[in-house]
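The values are calculated or read from the model by the stated rules, or taken from the named source; none is laboratory data. The shown structure was predicted, so the numbers you read here are calculated from the model rather than taken from an experiment. Counting neighbours? That spans all protein chains shown, and the Cβs are built from the backbone with ideal geometry, glycine included.
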Amino acid sequence: MSVNSQLLRKIPKVDELLRHPQLTNLCCQHTVLTETVREVIDSLRQAILSGEEPCLETESICAEIIRCVQKKTTMNLRPLINATGIVLHTNLGRAKLSTAAVRAIQSVAQDYNTLEYNLESGSRGSRYSHVESLICKLTGAEGAMVVNNNAAAVMLVLSTMAKGKEVVTSRGELVEIGGAFRVPEIMEQSGGTLVEVGTTNKTHPSDYENAVTENTGAFLKVHTSNFKIMGFCEEVSLDEMVRLGHEKNIPVIYDLGSGSMIRLEDYGIQDEPNVLDAMKSGADVISFSGDKLLGGPQAGIIIGKREYIEAMKKNPLTRAFRIDKLTLAALEATLREYLDPAEVLKNNPTLHMITAKMDTLEPKGRQLLECIERVCDGSYSAQLTEDYGQVGGGSVPTQTLLSSVVAIEPKHVSLDILEKRLRELSLPIIARISKERLLLDVRTIEEHHFEYVAESIKNCCQ
Ligand SMILES: *Cc1c(COP(=O)(O)O)cnc(C)c1O
């Protein structure tokens, strides 16, 4: 008998393995377990047939089965630790929600709720009513409405106000936002006709003025969220555009992008327009995201003149773009926190993180360093240093955020392997490599994760 068939006969049987105490105690669906046992046995058989001699000890086979089952039963969409220092990381879920927002989601998800029910009249209500007056109170707007995201908001605004009409926009503002949101394409989809004016670097008020025809539906201003033109450049300010719009009786639409509701320049973050100033300028309709600098759930918020908001509510696209109850719960809770400006800076994770300064970040960095050094077995060295993170989310592109960073130099494994191992943990840690070191920026890491981060660094450096 060949070596092959002798080895093949040594592979444990499916039933035998299923009765093994290590596997009977495994907490997973029986179908998942049987399927995995078959797959592991099959791969052993394939290995033997291709001339290998895999270990056929029951213990080691069980260990492999357990690893595979764990991989299969772990949620694909799950939490991770963001050690990049990029606060609104688009790939990592943008804004983290406040405790109040998370609670609101939980309670609405678990029970029947007032989504479209008016408790006073005992009849059908509107899902938009839960946040409309709150948004109006916070921004001073006449009307407000919320949809799925800001891309949908822009589409709804244009479709309602400019379908079959011309929309005048500066060539310097025809932006692409990550994920293929392009102003000219959104315009086309909405049924509006884009009328480009000015040049990439300069647009003057007269450019808008000269473009007006009897078919002009709106002036559109788009905040160039994710890039900045510097040098010989000039744009028409929102104030000027509004003045011109009023003169010509043409509504002004402003896609504000990020939609900060606080004045970030008070915290050293320059050049990011905010909702309050945009409202003061008198723009007719303004739209912005819920999960960028507002620090809430993914949503598109539209504010402005009542007549336009009411028309949007009647647009059939509204049904396609409608916000769901869990998002709405989180949005209401997030907005309520803005009623107290001092509290929101503490409770809203996005605002808390982007406004953190070295006086709190440096001690936090030292604390992480201590945790990492405490468990160190000589397989790596760690150092406290400074580096730059970002706001992220396509906001404030030119400004970096100085932070306290722990730099790791592994001794036995390469940086790439360490980075990959951290990424593959069941609670993954996403870090970045710079100048031959792995960097952990404490701005975006929560203190209660420090022990876990330290243990993980140790385990992954072996
Ligand atoms: C981010 C952004 C959008 C898209 O917003 P989402 O909420 O991501 O859909 C649209 N316009 C501008 C100017 C933006 O910055």
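Tell me which residues, restricted to segment 380-395, are at pLDDT below 95 and either within 16 Å of the ligand (Cβ to nearest atom) or in contact with a Pro (Cβ under 9 Å, 6 or more places away or on another chain) (or both).
Gln390, Val391, Gly392, Gly393, Gly394, Ser395
Let's see how each residue does on (1) assigned to a strand (DSSP E or B); (2) within 16 Å of the ligand (Cβ to nearest atom); (3) surrounded by 22 or more Cβ atoms within 10 Å (Cβ to Cβ); (4) not aliphatic (A, V, I, L, M):
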{"position": "Pro397", "(1), (2), (3), (4)": "yes, yes, no, yes"}
{"position": "Thr400", "(1), (2), (3), (4)": "yes, no, no, yes"}
{"position": "Val406", "(1), (2), (3), (4)": "yes, no, yes, no"}
{"position": "Glu409", "(1), (2), (3), (4)": "yes, no, no, yes"}
{"position": "Val413", "(1), (2), (3), (4)": "no, no, no, no"}
{"position": "Asp416", "(1), (2), (3), (4)": "no, no, no, yes"}
{"position": "Arg421", "(1), (2), (3), (4)": "no, no, no, yes"}
{"position": "Leu427", "(1), (2), (3), (4)": "no, no, no, no"}
{"position": "Leu438", "(1), (2), (3), (4)": "yes, no, yes, no"}
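Please work out which one of (1) within 24 Å of Leu92 (Cβ to Cβ); (2) within 15 Å of the ligand (Cβ to nearest atom); (3) modelled with pLDDT under 95 is the condition Ile301 fails and give its number.
It is condition (3) that Ile301 fails.
For segment 133-143, which residues satisfy the criterion of being closer than 19 Å to Pro341 by Cβ and of a type outside the set (Lys, Arg)?
Ser133, Leu134, Ile135, Cys136, Leu138, Thr139, Gly140, Ala141
How many of the residues making up segment 284-311 are in contact with a strand residue (DSSP E or B) (Cβ under 6 Å, 6 or more places away or on another chain), among the hydrophobic types (A, V, I, L, M, F, W, C), buried (at least 24 other Cβ atoms within 10 Å of the Cβ) and not in a strand (DSSP E or B)?
The number of residues fulfilling the criteria is 2.
Quick one: Tyr208 ticks every box in (1) within 16 Å of the ligand (Cβ to nearest atom); (2) among the aromatic types (Phe, Trp, Tyr); (3) at pLDDT 90 or above except a single one, so which number is it?
All conditions are met except number (1).
Quick one: would you say Leu18 is over 30 Å from Thr355 (Cβ atoms), among the aliphatic types (A, V, I, L, M) and free of Cβ contacts under 8 Å to residues at least 24 places away in the same chain?
When the stated conditions are applied, Leu18 passes them.
So how many residues does segment 322-355 have that are surrounded by fewer than 20 Cβ atoms within 10 Å (Cβ to Cβ) and of a type in the set (A, V, I, L, M, F, W, C)?
Final tally of qualifying residues: 4.
Is it the case that segment 170-187 has a residue that's more than 16 Å from the ligand (Cβ to nearest atom) and without any contact (Cβ under 8 Å) to a residue 60 or more places away in the chain?
No - not one qualifying residue is present in segment 170-187.
Name every residue in segment 197-207 that is surrounded by fewer than 16 Cβ atoms within 10 Å (Cβ to Cβ), in contact (Cβ under 8 Å) with a residue 24 or more places away in the chain and within 23 Å of Arg243 (Cβ to Cβ), in order of residue number.
Thr199, Asn201, Pro205
Conditions tested, residue by residue: (1) of a type in the set (Val, Ile, Thr); (2) in contact with a strand residue (DSSP E or B) (Cβ under 6 Å, 6 or more places away or on another chain).
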| position | (1), (2) |
| --- | --- |
| Lys137 | no, no |
| Ala144 | no, yes |
| Asn149 | no, yes |
| Met155 | no, no |
| Lys165 | no, yes |
| Gly192 | no, yes |
| Thr200 | yes, no |
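Would segment 87-99 turn up any residue that is more than 19 Å from the chain's Cα centre (by Cα), within 30 Å of Ile445 (Cα to Cα) and modelled with pLDDT of 95 or more?
no
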